Structure formats: structure tokens, C-alpha cells
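First comes the structure, then the notes that go with it.
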Amino acid sequence: MTNRLFFLAAGLALGAFLAGACAHRVPARPPITVPTGPPAVGSLRVRVDQRVEIIAIEEYVAGCVAAELGSLDLTPPAAVRARDVQAILCRSYGAASVGRHAAEGFDVCSTTHCQIYRPVPATVIGRLSREAAARTAGQVLLFAGRPVQPAYHADCGGHTTTPGEVWGGDSPPFLVSAPDHACPRRPAWHLEVTLVRLAEVLRTSTGIAVDGPLREVAVDRRDSSGRAAWIRLTGRQPLVVRGTDFRAAVARGLGPSSLPSTLFDLVQRGGTVRFEGHGNGHGVGLCEAGLIARAARGDSPEAILAHYFPGTLIAPR
């Protein structure tokens, strides 16, 4: 089955749909250790910290499931459904990403730049994650007969969006902007920051240097999900930047959880701006908060994946 899995991944074109999301403002990496020769059949070359490891695909899937979901406050049957969905997502992503970092000597990295991977822990979570990988062994999500790169995130805040609206470019038909009524709308998060501090943070990001003192911040345009697609920064001259670039710059300067998503409203009072919003992550593809809610109410893995990736199929074992 692993031979068949990587045969499907060969020559993948659909991964290009999301390439912009991955190549997005990645900091320079220090040198890494790369093993010689091609990866074994049914495995991936994964950059873990500053080394590259050749990891069997199902071991990789188990490590991703454990890292992404961890423990779940669900009944055992619901937790099984949620982990099975996550296992199919992680395997599909791995299959669609073979050679993604070929120029650097590996296939995928172990951070959110690709998808989070950690060695499978010797705990109950590790055992349950291995069981999910085994139950779904070889299963991948297909569109037009090829593995897809299935974007997912922590919490959509009640509405998903498309990669084109977040990162620009085209969006594949299976990644849509749609309400997610299963996603629990958690209490709003907020961030308050002075204009002086915000301008200082933005200056550290190429292309978001405000001309003169920052006098105003406003949402210039929202996407179909209500997210701030473009932000207008007014100094001596107005500068309009993509919402996801603005969020990334703030996260680098003020911490990764400072601006969890672009699904926010903002109010400026004097020299301070307050952001208040919902959700966590880019909002494209599967919402893990919605996944957990759907698994808890009894939805099957097939139904959950069909909701978030319409038009796709799960490859048979």
C-alpha cells in the first residue's frame, strides 16, 4: 500500500495551489545535516530541528497526529473518529509534499511551515496515535485521482476561507469559503498595542515599513469569510498590506499568540489600537475545533472530510 501511496504522489501538480502558503516569509535556516541517497520506499525525509531523518510514512503520520491533536476531551469512539480524520490529513499532506524541499535535501519540515511532526511519545497519546495510523494505513484524500495538500488550522471562528483570499493566487475547488456551524464560537481574544509599538514591529518586516509616524490602522477590505484580507496603514502616505502578512509581522514582533487570526475588528482610540477577534490560524481547509465537535456528535471520518474538502474522495486501503 505504501508503494501505491507514493506512486499517487509522484508528479503531483495540485500541491502548487498551496505553495504560496508555505513559501511565505520563511526565516533563514542554519545549516542542517542531510542523509545521502534517496529516501526509502514508503518514507519521507523530514527535517527535525537541525537534522534530516528518513521516517517511515506511518511513523510520520503517528507523530503528526500526536503533535496536532494531543489529548482529546472526547468519548473513546469520538476520539477515534477525530484521530482517524487527522491521520488521513497528515498522510495526504505527506504524500502531496514529496520533494517539496528538494533543493534543501528533504521533503517536509516538522514545523507549521509544513505540518507539525514530533517523534511519537511513549505515552497513551503516542499509542492512540499509532492506532489511528494503523486503522487508516494507506488512506489518502484524493481530488481528480491525486493526493491533495489538505490545509488545516486550529479554529476557523465559525467560517472557513480560501487560500486565494489568504495568500493570493488561485484556489483549488476543494478548498472553499463556507460557514462552519459545528465550530464552537469561543470567547473573543483581544490585543491592545500602541501605534508607536506597532510601527516599530512592522518595520522589522520587509515591505511593511510605514512612511513616517503611523497615524491610523484600518481594515481596507474583508474577504468572503469576514477576515481582514487587506490592512491600510497610514503614515505620510497610506500603505495597504495583505492581512496575513500583517498578522505574521505582529506575531513575530509580539509573540505567536498575539494576533491569532485575521478574523478581527479593530478600534483606534488616540495612540492605541485594539484588535478583537475569533479563531486561531489561517482559516483555510479543515477546522480542528470543528473536527472535534463533529466527531463528538457522531459524524463519520468520511462525512467530516467531505464537509471540509468537497469533491474529494478517500483512497481505498
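The values are calculated or read from the model by the stated rules, or taken from the named source; none is laboratory data. Since we're looking at a predicted model, the values are computed, not measured. Every residue, glycine among them, receives a Cβ derived from its backbone with ideal geometry; neighbour counts consider all protein chains shown.
Worth pointing out:
- Taking the stretch 215-230 as the range and being more than 15 Å from GLY283 (Cβ to Cβ), out of contact with any Lys or Arg (no Cβ under 6 Å at 6 or more places or on another chain) and touching a residue at least 40 places away in the same chain (Cβ under 8 Å) as the test, the residues that pass are GLU216, VAL217, VAL219.
- Helices (runs of 4 or more DSSP H) contained entirely in the stretch 55-149, each with at least 3 residues that are within 17 Å of LEU286 (Cα to Cα) and either more than 16 Å from the chain's Cα centre (by Cα) or not acidic (Asp, Glu) (or both): 57-69, 76-96
- Here GLY105, GLY94 are screened, and the one residue that is assigned by TED's automatic domain parsing to the domain that holds LEU69 and surrounded by 22 or more Cβ atoms within 10 Å (Cβ to Cβ) is GLY94.
- Residues in the stretch 150-172 that are part of a loop (DSSP other than H, G, I, E, B) and over 24 Å from GLY99 (Cβ atoms): ALA154, CYS156, GLY157, GLY158, THR160, THR162.
- GLU288, sole failed condition from (1) under 14 Å from the mean Cα position of the chain (by Cα); (2) surrounded by 21 or more Cβ atoms within 10 Å (Cβ to Cβ); (3) modelled with pLDDT of 95 or more: (3)
- Restricting attention to the stretch 126-159 and to residues that are at pLDDT 95 or above, of a type outside the set (Ser, Thr, Tyr) and touching a Gly at 6+ places or on another chain (Cβ under 8 Å), the residue that is surrounded by the most Cβ atoms within 10 Å (Cβ to Cβ) turns out to be CYS156.
- When the helices (runs of 4 or more DSSP H) confined to the stretch 217-317 are screened for residues that are under 18 Å from GLY157 (Cβ atoms) and of a type in the set (Lys, Arg), those reaching at least 1 such residues are found at 243-254, 288-296.
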